1. Just name the residue that is surrounded by the fewest Cβ atoms within 10 Å (Cβ to Cβ) out of those in segment 294-327 that are without any contact (Cβ under 8 Å) to a residue 60 or more places away in the chain and over 30 Å from residue 341 (Cβ atoms).
2. Looking at 677, 656, which one is at pLDDT below 95 and either within 25 Å of the chain's Cα centre (by Cα) or away from the ligand (no atom under 16 Å from the Cβ) (or both)?
3. Which ones in segment 620-637 are in contact with a strand residue (DSSP E or B) (Cβ under 6 Å, 6 or more places away or on another chain) and touching a residue at least 60 places away in the same chain (Cβ under 8 Å)?
4. Considering each of 521, 526 in turn, give the residue that is surrounded by fewer than 24 Cβ atoms within 10 Å (Cβ to Cβ) and either within 13 Å of the ligand (Cβ to nearest atom) or in the same structural domain as residue 703 (by TED's automatic domain parsing) (or both).
5. Find the helices (runs of 4 or more DSSP H) located wholly in segment 161-268 whose residues include 3 or more that are touching a strand residue (DSSP E or B) at 6+ places or on another chain (Cβ under 7 Å), and list them.
6. Please verify whether segment 121-132 includes one or more residues that are touching a helix residue (DSSP H, G or I) at 6+ places or on another chain (Cβ under 9 Å), assigned by TED's automatic domain parsing to the domain that holds residue 7, within 18 Å of residue 29 (Cα to Cα) and assigned to a strand (DSSP E or B).
7. Among the numbered conditions (1) under 30 Å from the mean Cα position of the chain (by Cα); (2) buried (at least 21 other Cβ atoms within 10 Å of the Cβ), tell me where residue 123 comes up short.
8. Regarding residue 420, is this residue touching a strand residue (DSSP E or B) at 6+ places or on another chain (Cβ under 6 Å), within 16 Å of the ligand (Cβ to nearest atom), over 19 Å from residue 542 (Cβ atoms) and free of Cβ contacts under 8 Å to residues at least 60 places away in the same chain?
Ligand SMILES: Cc1ncc(COP(=O)(O)O)c(C=O)c1O
């Protein structure tokens, strides 16, 4: 038979592999090797053994894993209570989600039998004196819960060609080439040997079934070879009736075998987990009898001490929970565990019941594109930012484009803009046949440097587009002065800056035209959407016309309840850029939440400052005194020289730690296409060029928790530390 065994170099797995080889089977081992490869298991180099190093969570990396496999023995997982209690999310992911996924794959890939190593701990606070496979389970720990849950799902996957088998294992003991000292008997023997006292936790009256690891390996081998009909969709308790012991009795038995050993019952809470298990089903069906006794286990452990006099048994190498704690401090790239158990995204749209109801109402009204919600949203928005006019459009990109058209920009004109911006700002200029002229950015705020604007103004210059990067307003006063002096139009790209103020005036109420974005990740969202605010009603009227194909009326104007029908007039070559009524209905609800969203962002940013300020390799963003930041993004700058790794390498390592990051932005002037089109070089904007490879946006959104921030900070510290060493 060809057997795939997960955890095949583990405490039990090493012996299972040994037994399988002895019987002439071919074995493919899939194991993370997080305790290294056991030196004393020479059979792991047998020609019938193929060893694949990998984690059960990431089996997809090995698409051929199940090829030609008849039986899967799934042993890998977080193997005891303390390891699972460390992080329940990881416990569920490793023990349940991955198990279910492996079983599904096995079934799909033609594997005939899937033996799942569960635990008698699923009986937990045992319901009844003696527990057999028919007894109700009552898992009492995270470990037992994850196993119990997996059992149920794995069994539900059984069908004619695919037989799940559940092996509920006793607590194992004895020697294995991959030793463990966190198993009761091994631990007690080690305590007796090293300190002369066996400490008994949880009162000592609790029952547990025990089994020697080699007997268990033999039992697994029996299940592997058993006829399908003997094991199909069956649960088997694996152990021996006579090896059920009260913990205190076990301690006394071990103590009796090691001279001068005391037994001490620690005064602490009673251990609720007590289960005395019957093993008749497996014993009678397969005539199974254990070969090893408690005595044998103790002698083996004593022998281990004899052979390894300088080894420390209570170390990461032998105690699972210590090793998992240690793995958390090691980057994933070095074989460690991710700092954050779940992926923390850079940004996240926050939509609630209110938005859901609003969308439904808009859909049911039949007014999907134009409609009354647009006007309502425009009015609410204008009043929020203190603007006289607000024109809702399909995106901030279309907002900028419309403003350029309305400002009369023609082919060959020049438009001044910073290179640290989203490509939309530049694309809109290029698409009009105009030329973007890049002005370098301020090294503190990364916004356009007003002192460098004038030298770039020519006769062809028509417009300045400053960008309020991350939500920090530009130096609008200086920029406005220049615009007035040279008779230039000003289109402020405030895609990030909704809620920001400049000298106490809200962004949206200052520039001749201000463009906002409601893209999914912005401070508020309409899924896609944008807004232009301005003070001139005539310009606003023209922008509306341009946004609706150059027509004077929308469908709502023509056919709405209060419409007065008249032929519509085409007054300009327009665009189809108006916001939809469904989007506006979301906007109406989102704008009500803006101040709450922004104050949460503000609070989270304070947490970042508090936790990151002592990291020398990071430069934190600075806010000018006369502005209020909208904190759309939290952009840090990495001192890559001190760190010794590139920003992209750090971002990749953080991704492995389950932390999403972003780059806002890689200088547009660095794209070869733009260099060709606009005749720019990296040297033309040296600050932008340098920061393009140093800036990194950390996650920031209103549902980010303080715990998330702690994970992000820990991950940053971890990857920077490792990068430097
Ligand atoms: C600075 C900047 N300008 C313009 C835009 C375009 O916004 P939209 O996606 O709404 O078109 C973005 C989008 O992220 C942006 O970051």
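The values are calculated or read from the model by the stated rules, or taken from the named source; none is laboratory data. Since we're looking at a predicted model, the values are computed, not measured. Counting neighbours? That spans all protein chains shown, and the Cβs are built from the backbone with ideal geometry, glycine included.
1. Filtering segment 294-327 for residues that are without any contact (Cβ under 8 Å) to a residue 60 or more places away in the chain and over 30 Å from residue 341 (Cβ atoms), the one surrounded by the fewest Cβ atoms within 10 Å (Cβ to Cβ) comes out as 310.
2. Just a single option satisfies the conditions, and that option is 677.
3. 621, 627, 628, 633, 634, 635, 636, listed by residue number.
4. 521
5. Once the helices (runs of 4 or more DSSP H) in segment 161-268 are filtered for at least 3 residues that are touching a strand residue (DSSP E or B) at 6+ places or on another chain (Cβ under 7 Å), what remains is 184-195, 213-225, 247-257.
6. no
7. (1)
8. no
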